[in-house]
Structures are given as C-alpha cells and as structure tokens.
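Report on the following structure.
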Amino acid sequence: MADPLGKSALRWARRLLIWPLEAALVLALFLIARLLPIGLASAIMGGLFGLIGPLTPWQSRARRNLSLAMPDLSPADQRRVLSGMWRNFGRVIGEFPHVHRMVRRGRISFRGQDHLRDLDGGAILIGAHIGNWELGPYAALECGHKVAAIYRPLNNQLLAGLLERRQANYGGDIFRKGREAALGMVSALRKGQVMCLLVDQQLREGMAVPFFGHPAQTSISHVKLAIRKQVPLMYMRTERLGGSRFRITISPPIDLPEADDDATVLAIATAINEEIESWIRATPEQWFWPHRRWGKNIPAAD
C-alpha cells in the first residue's frame, strides 16, 4: 500500500521548493521576452528551446508519438521534425507576451473571416496545438466577437496569473475544464460568444476516435452541443509562415446532421481528427508532439 504520509510530504516539498523555482524561471523568461522586440524574442526563445527541449523527458515521449503517427519517417526526418517542434514551441513562448499586439503590427493574416462576420449568434471554433495556438481566437476578436474559452488550471498555482493575463484579452467567459465547462459552453453560446477550443489532446471522458490510424480518446461535447443547438462549428487553423508571421484560416461551417447518436457523433469526430491530421502532416514540426494523445501505453521508439 502506498504511504499516504510520504505522498503528502512529496506534494508539500514540490509546492515549497519546486514551484517557486519553476515560477521564477518561467516569469524570468516571460519578462525577458516582454522586453525584447517580437521577432527577436521569438527567435531567441526558439533557439533556447531548440537546445534544451531534446534534453528533457518530453523528448522520448514526443519521439514515440511521432513514430506511432508517422512510422515511415526516417531517423533523420524524425530528428528534423522534433528539432523544429522544439524551436516552434520556444517561439510560442517568446511570442506569448506580445500576442495582443501582433495583429496590429501586421504579423497575422486572416482567411475566412467572412464566416465570422456573418454570424447572428454564437459559434464554436475548433483548432489544435499547431503553429502558435494562442493566436486563433484573434480571428473572432478582430470581427468584434467576445471569445469564450476553457482552461485547465496549471499545476503550479504560482503561475496562474499568466493564464489570467491571456484570458483578459478575450472579453468572454472563461471556464475551468470539467463540469463547469460543459454547462458554461451553453451559457456562452446563448450570449452570442464564440467558443474557441483546441481539440487535439487526450480526454479521458471522450470517445475513442481514430487519429493517425490509432484510437485516441477525443472530446465530443462540442460536436453534440453544435448538433443539438444547431450552432455553427468551424475549423480554426493557425499556420506559422516563417519567423513570427502567421495565417489563420476559418473554414465555412461544418455540415451538421440533426441526429446526435453515437454513430453520427463518431463520424463527425473522425472527420475532425482527419482534418487536424492533414494540418499536422503538412507541417509536422509545428505540432506539439509531447502531448499524451494516445495515452501512456504506446510502443517505445527504436
């Protein structure tokens, strides 16, 4: 039997020792990036994470996921993808303090915004952790919509302020992941807000849906809600075009049936996963491969 006293001691040690050090490091990087011009902050953080990322435990998980999803890649191509992934992630970190200014400075171009301008009420935008995923909501914000979002609380509570800083830019409701989010989505849509969701992570309560040919627990609540309320459901794709320049593409509304039975929902969720998969295949170095998309029990990379 596990020692509850030992677990409690480890938990408090983490909070008293690891959390402050972790928060100090993250805040230092944030402040450095904030003081630098956008392009320089992005490049420096990209280079830094390109060096550090492969040394972390996340590297082996990312490599296993990449091998599972794209087994035909050669070892050299795997190294290229993962190296590019860490640089992209570092750039996302470097750009984080500047996201609210990047639109004004012409670093983001938009396609398909007419689908948002034509809205009579709320809508759901679905994207993935690709390119710079923090920028997707600005497609709706630039059209005058308030954006609602769901968040997962950070393990390190000392860093909660960074999430609050991001959410303050959205203007809409923010819901904690779980039951609160399920109820909140309905409320936000009734208010005419645009719900922005990243749907490429594992969700234990979701449905097993093929992703790169392997079952992955996938969120389906947004699909059921869109069908039941007949709310427009659109893709929100973010692409890094080079450096700190991006294109955000909003698709036309996905055709939705009237039924929300399991077979119908599975078919729509499968089509959504296939669309996201096509984005990743186009630029695999821009997707965040360390996520536990297929859970823990996947084969180790050779």
*Out of all the residues in segment 246-270, which are in contact (Cβ under 8 Å) with a residue 12 or more places away in the chain, surrounded by fewer than 18 Cβ atoms within 10 Å (Cβ to Cβ) and either part of a helix (DSSP H, G or I) or among the charged types (D, E, K, R) (or both)?*
R247, E258, D260, D262, T264, L266, T270
*When the residues of segment 108-145 are filtered to those that are more than 22 Å from S219 (Cβ to Cβ) and charged (D, E, K, R), which remaining residue is surrounded by the most Cβ atoms within 10 Å (Cβ to Cβ)?*
E142
*If you go through segment 74-104 one residue at a time, how many are over 17 Å from I44 (Cα atoms), touching a helix residue (DSSP H, G or I) at 6+ places or on another chain (Cβ under 7 Å) and either acidic (D, E) or not in a helix (DSSP H, G or I) (or both)?*
1
*Could you give me the residue pairs with C-beta distances under 8 Å whose first residue belongs to segment 188-207 and is outside the structural domain of A69 (by TED's automatic domain parsing), whose second residue is acidic (D, E) and surrounded by fewer than 21 Cβ atoms within 10 Å (Cβ to Cβ) wherever it lies, and which are 6+ apart or on separate chains?*
A188/D173; K191/D173; Q193/D173; M207/D262
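Okay, residues lined up against (1) farther than 27 Å from S278 by Cβ; (2) at pLDDT 95 or above; (3) out of contact with any Gly (no Cβ under 7 Å at 6 or more places or on another chain); (4) among the small types (G, A, S):
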site: A168; (1), (2), (3), (4): yes, no, yes, yes
site: R176; (1), (2), (3), (4): yes, no, yes, no
site: S187; (1), (2), (3), (4): yes, no, yes, yes
site: Q202; (1), (2), (3), (4): no, no, no, no
site: E205; (1), (2), (3), (4): no, no, yes, no
site: R237; (1), (2), (3), (4): no, yes, no, no
site: R245; (1), (2), (3), (4): no, yes, yes, no
*asked:* Just to be sure before I move on: is E205 charged (D, E, K, R), surrounded by fewer than 19 Cβ atoms within 10 Å (Cβ to Cβ) and assigned to a loop (DSSP other than H, G, I, E, B) in the structure I sent?
replied: yes
*Of the numbered conditions (1) among the β-branched types (V, I, T); (2) within 26 Å of E277 (Cα to Cα); (3) surrounded by fewer than 19 Cβ atoms within 10 Å (Cβ to Cβ), V103 satisfies every one except a single condition; which is it?*
(2)
*Just one of (1) within 20 Å of the chain's Cα centre (by Cα); (2) among the aliphatic types (A, V, I, L, M); (3) outside the structural domain of C196 (by TED's automatic domain parsing) trips up A139, so point out which.*
(3)
*Determine which single condition R117 fails, assuming it passes every other condition in (1) more than 15 Å from the chain's Cα centre (by Cα); (2) modelled with pLDDT of 95 or more.*
(2)
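For segment 121-133, indicate whether the set of residues that are more than 24 Å from F288 (Cβ to Cβ), without any contact (Cβ under 8 Å) to a residue 40 or more places away in the chain and assigned to a loop (DSSP other than H, G, I, E, B) is non-empty. Let's see the steps before the verdict.
At the first step, the residues of segment 121-133 found to be more than 24 Å from F288 (Cβ to Cβ) are 121-123.
Those still in the list that are without any contact (Cβ under 8 Å) to a residue 40 or more places away in the chain too: none.
Checking segment 121-133: not a single residue is more than 24 Å from F288 (Cβ to Cβ), without any contact (Cβ under 8 Å) to a residue 40 or more places away in the chain and assigned to a loop (DSSP other than H, G, I, E, B).
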_Quick check on my filter: what residues within segment 276-298 are small (G, A, S) and within 13 Å of L68 (Cα to Cα)?_
G295
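The values are calculated or read from the model by the stated rules, or taken from the named source; none is laboratory data. Everything numeric here is computed off the predicted structure, so don't read it as measured data. Here the Cβ is made from the backbone with ideal geometry for all residues, glycine too, and neighbour counts use every protein chain on show.
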